[in-house]
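The values are calculated or read from the model by the stated rules, or taken from the named source; none is laboratory data. Small disclaimer: the values here were computed from a predicted structure and weren't measured. Cβ placement follows ideal geometry from the backbone for every residue including glycine, while neighbour counts extend to all protein chains displayed.
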């Protein structure tokens, strides 16, 4: 296994501490992006390195991608790879974030989870793993096949963060690749150091971009109406707001989507 760590603009002291803490191995590499590129563009730095190969090494058939706060359970990576490699037509797959849902994309609303059927009882170790066809992989820990990315490309960098994996999943499925969730191969990402307003802005803006790109302007316009309704209801009854709901950020997100302002959000530039 070759490990590539992409640093998205950390302080020089943090990068130095990172390098000092890594094992002395020829197959561990740190690539410094130089600034906060966002998850998708930052991941692309590593993916391009893998696709191009290093020192003539093609780098293998499969690449695993995860953010810094991904916490896979014991055996998760092995289960993910086993199920993925058993399906030659699988282009993308992800581990199970444990929310009991299968990733789906509703053409009028965007990424929405669908309740997953219960897993069968496991074997002697109490584990159960099952492949579940889905619309897109979770970015918390995902596997990508080289031939799939060579055919459809890497993450669309307009998204910066959030919904880029949904866009990639739709592109892969449109090209005839299978996309799956490996149920029971658990992974968690317990941290979130980003401001709620930034998260809300990106999730709304990028959902609108996703709908417009893959389903059309009418679908985007419908979702804008839903955002407006959620804003009014949230103002009237604050207790029903989502954990990241921020009215001003949502209005700015709609404006940015309508004028085509994507990429790095202004508050993180």
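Some observations on this one:
Residue-wise test of (1) at pLDDT 95 or above; (2) under 14 Å from the mean Cα position of the chain (by Cα); (3) surrounded by fewer than 14 Cβ atoms within 10 Å (Cβ to Cβ).
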residue	(1), (2), (3)
88	yes, no, yes
94	yes, yes, no
98	no, no, yes
130	no, no, no
133	yes, no, yes
152	yes, no, no
164	yes, yes, no
178	yes, no, no
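- Region 30-71, residues that are over 24 Å from residue 188 (Cα atoms) and either touching a helix residue (DSSP H, G or I) at 6+ places or on another chain (Cβ under 9 Å) or not assigned by TED's automatic domain parsing to the domain that holds residue 84 (or both): 31, 32, 33, 50, 51, 58, 59, 60, 61
- Single unsatisfied condition, residue 67 versus (1) closer than 17 Å to residue 162 by Cα; (2) exposed (fewer than 15 other Cβ atoms within 10 Å of the Cβ); (3) in contact (Cβ under 8 Å) with a residue 60 or more places away in the chain: (2)
- Counting the residues of region 5-43 that are at positive phi and surrounded by 14 or more Cβ atoms within 10 Å (Cβ to Cβ) gives 1.
- Taken together, the criteria place residue 174 among residues that are free of Cβ contacts under 8 Å to residues at least 40 places away in the same chain and more than 23 Å from residue 37 (Cβ to Cβ).
- Single condition residue 20 does not satisfy, out of (1) at pLDDT 90 or above; (2) over 30 Å from residue 150 (Cβ atoms): (1)
- Filter result for the condition that a residue is without any contact (Cβ under 8 Å) to a residue 60 or more places away in the chain and buried (at least 18 other Cβ atoms within 10 Å of the Cβ), over 46, 53: 46
- Which listed residue, of 249, 269, 229, is surrounded by 16 or more Cβ atoms within 10 Å (Cβ to Cβ), over 30 Å from residue 79 (Cα atoms), modelled with pLDDT under 95 and not assigned by TED's automatic domain parsing to the domain that holds residue 111: 249
- Every listed requirement among (1) touching a strand residue (DSSP E or B) at 6+ places or on another chain (Cβ under 7 Å); (2) at positive phi is met by residue 60 save one, (1).
- Those helices (runs of 4 or more DSSP H) of region 1-109 in which 3 or more residues are within 18 Å of residue 168 (Cα to Cα) occupy 39-52.
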